[in-house]
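Asker: One structure, pasted below without further comment.
The values are calculated or read from the model by the stated rules, or taken from the named source; none is laboratory data. Since we're looking at a predicted model, the values are computed, not measured. No Cβ is skipped: glycine too gets one built from the backbone with ideal geometry, and neighbour counts run over all protein chains shown. Just so you know, the surface numbers come from the protein's heavy atoms only, side chains and all, with ligands and any DNA or RNA stripped out. Shrake-Rupley method; radii C 1.70, N 1.55, O 1.52, S 1.80 Å.
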Amino acid sequence: VAFDPATGSVFTVTVPNAKVKRLVVSRFDRRDMTLSEEFTPALGPDSGLAFKTEKGSLDSFYASGAAFAGGRLYLISAAFGTLLAIDPQARTLVSAHTIPGLERPVGLAIKGSEAFIVNAAGGLTVVPLL
């Protein structure tokens, strides 16, 4: 879950399970918590992410943390240790960067121009935003 104070929106991201494998971003208006929109992000041409096979997709990234900053929804991938940035207005993944040595990330926070990533053991990794 991530909150965008500029729009008063709460964003959620699905986690793949046995029945639903897709990564879906949902936006709720904080005033009434009504679902305002849902989308599956497209892969932007300049995102820095490429799939090795035609069946590759964002669905396998398994987001374990989310935060909102500068008009972007940031996700941390538990499966690949990758920081993803989504432009919710364009409904597009705009950048993706693997964070070397990141193991089992479980949370994400943003302050200024840095992302703070917590792992399952309680360790903290700080990286610049994309």
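Asker: Counting heavy atoms of the protein chains only and a 1.4 Å probe, report the per residue accessible area for the chain as a whole number of Å².
Answerer: Values: 7500 Å² over 130 residues.
With the other protein chains kept in place, the chain gives 58 Å² per residue.
Asker: Counting other C-beta atoms within 10 Å, and keeping those with at most 12, which DSSP coil chymotrypsin sites (Phe, Trp or Tyr not before Pro) do you find in the stretch 1-108? Intermediate values should be presented prior to the final figure.
Answerer: Details: sites: F3, F11, F28, F39, F51, F61, Y62, F68, Y74, F80; in loops: F51, Y62, F80.
Of the chymotrypsin sites (Phe, Trp or Tyr not before Pro), the ones in loops of the stretch 1-108 whose Cβ has at most 12 other Cβ atoms within 10 Å are F51.
Asker: Moving on to the next point. For percent of Cα pairs over 23 Å apart, one of (1) 28; (2) 37; (3) 41 was computed from the structure I shared and the rest are decoys. Which label?
Answerer: Computed from these coordinates, percent of Cα pairs over 23 Å apart corresponds to label (1).
Asker: Leaving out ligands, DNA and RNA, and with a 1.4 Å probe, what % of the accessible surface on the chain is carbon or sulfur? Can you show the working numbers first?
Answerer: Working: 4000 of 7500 Å².
Solvent-exposed carbon and sulfur of the chain make up 53 percent of the total.
Asker: Please go through the stretch 1-37 and write out the trypsin sites (Lys or Arg not before Pro) that DSSP classes as loop and that have at most 15 other C-beta atoms within 10 Å. Can you show the working numbers first?
Answerer: Working: sites: K19, K21, R22, R27, R30, R31; in loops: K19, K21, R22, R30, R31.
Here the sparse-neighbourhood loop sites are K19, K21, R22, R30, R31.
Asker: Let me ask something else about it. Which FRET efficiency value, to the nearest 0.05, do you get for E38 and E114 by plugging their Cβ-Cβ distance into 1/(1 + (r/R0)^6) with R0 = 41 Å?
Answerer: 0.90
Asker: Identify the trypsin sites (Lys or Arg not before Pro) of the stretch 43-130 meeting these criteria: DSSP loop state and at most 12 other C-beta atoms within 10 Å of the C-beta. All intermediate terms of the calculation are to be shown ahead of the outcome.
Answerer: Values: sites: K52, K55, R72, R91, K111; in loops: K52, K55, R91.
Answer by residue number: K52, K55.
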